[in-house]
Every structure is written in C-alpha cells, then in structure tokens.
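Peer 1: Please find one structure pasted underneath; my questions will follow.
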Amino acid sequence: MSANGSPSGQQPTATYDSAFLKACRREAVPHTPVWFMRQAGRSLPEYRKVREGVPMLQSCMMPELVTEITLQPVRRHDVDAAIYFSDIVVPLKAIGIDLDIKPGVGPVVEQPIRTRADLARLRDLTPEDVPYVTEAIGQLTRELGATPLIGFAGAPFTLASYLVEGGPSRTYENAKAMMYGDPELWADLLDRLADITAAFLKVQIEAGASAVQLFDSWVGSLAPADYRRSVMPASAKVFDAVAGYGVPRIHFGVGTGELLRLMGEAGADVVGVDWRVPMDEAVRRVGPGKALQGNLDPTVLFTDKDTVEAKADEVLRAAAGLEGHVFNLGHGVMPNTDPDALTRLVEYVHTRTAR
C-alpha cells in the first residue's frame, strides 16, 4: 500500500498532504480547500475555444483534449483539486448503449430501457472499453503533481433515470413507475448499473485519481423511504467496491436535504450539500464521522465582489464546527459565470481561512 492507503504505485503520493485530501480525511488543514463542480466547462473562454466543433461525447474520448480541459481551471483559479473532465453517460456509451448528448437538451437514449429483455444491453464495463480514461488520467497526474485529481461517475439512480426516461426529465414518471410497479426489475437494473459504475471508478482510481465523487443529480426527487429501499443498496455497492483503494469517496445530489444522512450511510466519506441546507444544519443531519462539501449558491457569483464575499463568509461560519470542510458551490458552475469571480472566490476563501 502507498502512503495514502491505496495500492502501491497507483497514484502519486505527492497529493497525500494536500489541503483537499486532508479535509476529506477530517484532518487539520492549512486553509479550507476549494474546488467547483463544473469548474472545467463553458464558463471558461479557453474551454469554449478548444471544444469548438467537437461534440461533447467525442471530446470525452480524446486524452489530450481531456487533459487540457481538466487543467484549465487549475491554472486559472488555483483550485485545490482538479476534477476529471467527462460525462456521466460515458460508461454507458462505452458498453454500446446508443445515446448522444444533444446541445441544449442533454443525454438522449435512442432505445430506452423498459423491460427485463432490455437489461441484456447493459454488459459489464472493462478497462479496455475506456482506454482514453487511463491515458488521460496518466497524463493529468504527471501534470498536476501535488494537486489531487477527482474521478467521478453518475450514480445508479441518475443513470437509470436517463436510461428509462430516454433523456432528461422533470417528473421521472417512467423511472418511478418501474421503481414502484416492478421493484424486482428496478433492483436488477440498478444492481447492473452499480457494477458498471464501480468498474468505471476503479479504472480512474487505478490510473491515478486521488478521490472519487458519485453524482446522484436527480435523487432529490425521492422520499427517504424510497431512497433507502430502492436506491441506497446500489449506491452502497458502488462505494463498497472501491473502499479498498483508500481514496476519499464523495457523494453529491441536488435537492437532497432530506436524504443527507442516508447518502452518508451509503458509504461516503464526504457528503456534498447543495445550497438549500446551511452547513451547520447539514452536519446535524449527516451525523458524525463525515466531512462535508459545499455549499455556496452558484447564482451568488452573478452579484458584486462584496456580496460574494459576504455570502462565502456565511458558508464558512456555518461550516466552522465541521470535522472536515471542502468549500464548493451547491451545484455546478453556471455557463454564464464570470471566470474572474471564481478566481477571486478561491483567493478569498484561502486568505480568509489561512491557519
């Protein structure tokens, strides 16, 4: 095992003492670490330039481009961690699901998964399916040095929602109908997606990712009892599958204030909190033994510098008693965000929390 508790030689130990990993482990930090969901993306003019004319899914399969895009916010904002540039549907595309990411719409699945026979289309994912991931992460860890790289994947519920609905949804009527009306098929679907997701995360960790985040973007649409019964077992299976690597596991969803404790119980070391629940209330809901991540409302960045700093102070004050705190937004960076506002926010949090 290497110094950070993962299999020897699988990731640079230079990241072990980083503020980000220390916060994830609930250890003393030199300053509160900062990174942003969707920090690599449309808010950056340099991102728009290199992505010009390249479809989203294609860009995720080009190691040189992935490396450049992942590094852009680290260079510009001096964030404490990079997050691997990809999309939650990449592993589904890699195993042969006919889908595309349509601009202005999102992932669209040509033939939704609706029957038991459809499950046969969800075969196991192997490292050979995603060689571009291994190559890109190898490049990135060499470039990043002491800056940790976060790998990520979509959680089984959110992937299932896309697969069953055939695309983005506000109501999840088909997915929930399957969950309530055919619980055995639903459980088998999520179990299969848990295996695919775990395999995708393992590829990233073995290539050098220092932490992983499971995005359950749509799980806030569920009641706690339904989450515990119909979703939590699959998410727990993913977290358990990567537990042996010793890398921090982060769990994030939107609108999940009622689910925070359960999301921690599923196996996360760090629970992501959106902007709806103050951090001091979030720690009460999650309970002891977990670090928290969050949770500035992304729209605050459209205001003036003084307002951004005042709202950041509110988050920091609410997080003052936490065992470990990673500063982030309560959801992803919005496309029209001024990049300079992000740079200033990182500098402000670093300065304000310097110990």
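Peer 1: Residue by residue through segment 13-21, what is 3J(HN,Hα) from phi via Karplus (6.51 cos²θ - 1.76 cosθ + 1.60, θ = phi - 60°)? Round to whole Hz and write x for glycine and proline.
Peer 2: Going residue by residue, I get 5, 4, 7, 4, 8, 5, 4, 4, 5 Hz, with x marking Gly and Pro.
Peer 1: What would the Debye formula give as log10 I(q)/I(0) at q = 0.12, 0.15 Å⁻¹ for the alpha-carbon point model of the chain, no solvent?
Peer 2: Debye curve over Cα of the chain, log10 I(q)/I(0) at q = 0.12, 0.15 Å⁻¹: -0.84, -1.37.
Peer 1: Nearest 10 degrees is fine. How inclined is helix 305-318 to the longest principal axis of the chain, computing both from alpha carbons?
Peer 2: Helix 305-318 sits roughly 80 degrees off the main axis of the chain.
Peer 1: For the cross-link pairs LYS176/LYS237; LYS49/LYS102; LYS237/LYS290; LYS22/LYS290; LYS49/LYS93; LYS202/LYS237, which exceed 23 Å when the distance is taken from alpha carbon to alpha carbon? All intermediate terms of the calculation are to be shown ahead of the outcome.
Peer 2: Numbers: LYS176/LYS237 21 Å; LYS49/LYS102 19 Å; LYS237/LYS290 19 Å; LYS22/LYS290 13 Å; LYS49/LYS93 25 Å; LYS202/LYS237 13 Å.
Flagged as over cut-off: LYS49/LYS93.
Peer 1: Karplus couplings for segment 168-181 from phi (6.51 cos²θ - 1.76 cosθ + 1.60, θ = phi - 60°), rounded to Hz, Gly and Pro as x?
Peer 2: Karplus values, whole Hz, x for Gly and Pro: x, 8, 9, 10, 6, 5, 6, 5, 5, 4, 5, 4, 7, x.
Peer 1: Also, I was wondering about something else. Taking all protein chains as present, what is the carbon and sulfur share of the accessible area of segment 233-301, in % to the nearest whole number, probe 1.4 Å? Write down the numbers at each step before the final one.
Peer 2: Details: 1100 of 2180 Å².
Answer for segment 233-301: carbon and sulfur cover 51 percent of the accessible area.
Peer 1: What accessible area per residue comes out for segment 112-185, rounded to a whole number of Å², with a 1.4 Å probe?
Peer 2: Values: 3230 Å² over 74 residues.
I get 44 Å² per residue for segment 112-185.
Peer 1: Follow-up question, since we're still on this one. If the cut-off is 19 Å between C-alpha atoms, which aspartates and glutamates fall inside it for LYS305, apart from same-chain ones fewer than 8 positions away?
Peer 2: Here the aspartates and glutamates satisfying the reach criterion relative to LYS305 are ASP78, ASP297, ASP313, GLU314, ASP338, ASP340, GLU347.
Peer 1: Then there is this: With the crude spin-label approximation of a point 7 Å out along Cα→Cβ, what separation in nm comes out for ASP124 versus GLU309?
Peer 2: It is 5.6 nm.
Peer 1: Right, something else. By how many degrees, 0 to 90 and rounded to 10, does the Cα axis of helix 63-77 deviate from the longest principal axis of the chain?
Peer 2: 30 degrees
Peer 1: Taking the solvent-accessible surface of protein heavy atoms with a 1.4 Å probe, what is the per residue accessible area of segment 195-295 in Å²?
Peer 2: 31 Å²
Peer 1: Measure nothing fancy, just the Cα-based angle from helix 183-207's long axis to the longest principal axis of the chain, in degrees from 0 to 90, nearest 10.
Peer 2: 50 degrees
The values are calculated or read from the model by the stated rules, or taken from the named source; none is laboratory data. A quick note: this is a predicted structure, and the numbers were derived from the prediction, not measured. FYI the Cβ positions are ideal-geometry reconstructions off the backbone, even for glycines, and counts take in every protein chain you see. When the accessible area is computed, the model is the full protein with side chains, heavy atoms only, and any ligands, DNA or RNA have been set aside. Shrake-Rupley method; radii C 1.70, N 1.55, O 1.52, S 1.80 Å.
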